[in-house]
Amino acid sequence: MIRAVLLAAVLAAPAAAQDVASAKGGLVRWLDKSTGETGDLDLSRGQSAEQGRLTIQLDECRYPVADPASNAYAHLTIRDALVPDPVFSGWMIASSPALSAMDHPRYDVWILRCDTE
């Protein structure tokens, strides 16, 4: 509950304090904690990619107009082939990935940046 309130405050503050733009895509990093394998996925908005048991979909990626390199936040939907419902559906913030992290025993996924060009 506290995490949800804090996330809402963090997401609302940049929108109120500065203009944000929607990107055409973003860069997502994944980690398989059992093998140590990592990789990056360059996804367009609405695109999904499979990695191991996961299907990672980038729903939206936003960034501050005044300073595009400063931060990104993205809405991701992540599914595990062994679970009927999404294992994560929500906003992740590049500068604070632990604030809204996916809780999965084998995989970690986080947003690195939005494509600003």
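Only residues that are small (Gly, Ala, Ser), part of a strand (DSSP E or B) and closer than 15 Å to Arg113 by Cβ were counted across the stretch 31-79, and they come to 2. The single residue among Val28, Val5, Val10 that is assigned to a strand (DSSP E or B), of a type outside the set (Lys, Arg) and either at pLDDT below 95 or surrounded by 11 or more Cβ atoms within 10 Å (Cβ to Cβ) (or both) turns out to be Val28. For Leu99, the conditions (1) closer than 14 Å to Leu27 by Cβ; (2) in contact (Cβ under 8 Å) with a residue 12 or more places away in the chain all hold with the exception of (1).
The values are calculated or read from the model by the stated rules, or taken from the named source; none is laboratory data. Just so it is clear, the model here is predicted, and its values are computed rather than measured. So basically every Cβ, Gly included, is an ideal-geometry build from the backbone, and we count neighbours across all protein chains shown.
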